[in-house]
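Worksheet for the structure shown next.
The values are calculated or read from the model by the stated rules, or taken from the named source; none is laboratory data. All figures in this text were calculated on a predicted structure; none of them were measured in a lab. Note that each Cβ is placed from the backbone with ideal geometry, even for glycine, and that neighbours are counted across all protein chains shown. Please note that ligands, DNA and RNA were not included when accessible areas were found on the heavy atoms of the full protein model with its side chains. Shrake-Rupley method; radii C 1.70, N 1.55, O 1.52, S 1.80 Å.
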Amino acid sequence: MMDAPPTDETSRAGTGDWPHAPPHRLGGAGVYFVTARTLDRVRHFNTPTRLDQVQEALLRLSAQYAWRLEAWAVLNHHYHFVGHSPVAETSAESLRAFLKHLHADITRRLNQLDGISGRKIWHNYRETHLTWQKSYLARLNYTHQNAVHHGLVTQASDYEWCSARDFEKAVTPAWLKTVQSFSYDEIAKDDQDE
């Protein structure tokens with residue numbers, strides 16, 4: 001006699017931390033670092049207009065879902081952000097709906113622009129709940145410096161599709177220097193172009 005099939009909960013638990021199907025641990029409210037990539041790293045956001053559309057959708061929907069973004073960077077096949085979950089919530093579960101909405105809107109728009117129906121744009125996303133100050137500051141710096149890391153600009157504030165310029169204007173020189181002093185080498189290893 002066969003055993004009963006595994007429950008959804010058992011199946012999810014069995015995936016562990018497999019990088020192609022990361023578990024989404026959203027039980028705690030707080031600050032999260034989020035990365036999402038396109039399927040097969042296809043460079044769908046390869047024009048200023050497309051980058052504008054992704055950034056606009058990210059900012060509009062983060063506000064709609066009450067996620068306060070502290071940093072973001074949109075590149076041609078991925079984005080990162082550091083965001084605070086909604087103040088009124090005790091978990092970060094709304095991140096699922098926010099990103100599902102964001103990815104659906106971007107996919108519809110790009111497929112419409114390219115005259116393609118049913119194309120899948122997104123691979124997956126991963127999030128990290130930032131509970132240590134050093135981890136938070138390193139990811140804040142990394143997000144702002146992401147375009148520099150990828151060789152698109154030499155100064156983060158010169159890249160139009162990230163928050164670095166606004167951040168530099170909003171904070172004191174001492175705080176900017178503090179944030180920029182945090183190394184992101186370990187984070188960058190996971191973000192190399194293949």
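Counting heavy atoms of the protein chains alone, residue 157 has an accessible area of about 20 Å² for a 1.4 Å probe.
For the stretch 91-158, the list of trypsin sites (Lys or Arg not before Pro) that fall in a loop by DSSP and count at most 14 other C-beta atoms within 10 angstrom reads 119, 120.
Can you give the FRET efficiency to the nearest 0.05 for residue 152 and residue 91, using r as the Cβ-Cβ distance and R₀ = 41 Å?
The value I calculate is 0.70.
By its C-alpha gyration tensor, with a ≥ b ≥ c as the square roots of the eigenvalues, how is the stretch 104-194 shaped: rounded for a/c under 1.5, else prolate for a/b larger than b/c, else oblate? It comes out prolate by the Cα gyration axes. Residue 184 contributes an accessible area of around 50 Å² to the protein surface, as traced by a 1.4 Å probe with all chains present. Close amide-amide hydrogen proximity is noted between residue 69 and 84, each under 5 Å apart and 5 or more residues distant or on a separate chain (H modeled in the peptide plane; Pro and chain starts excluded).
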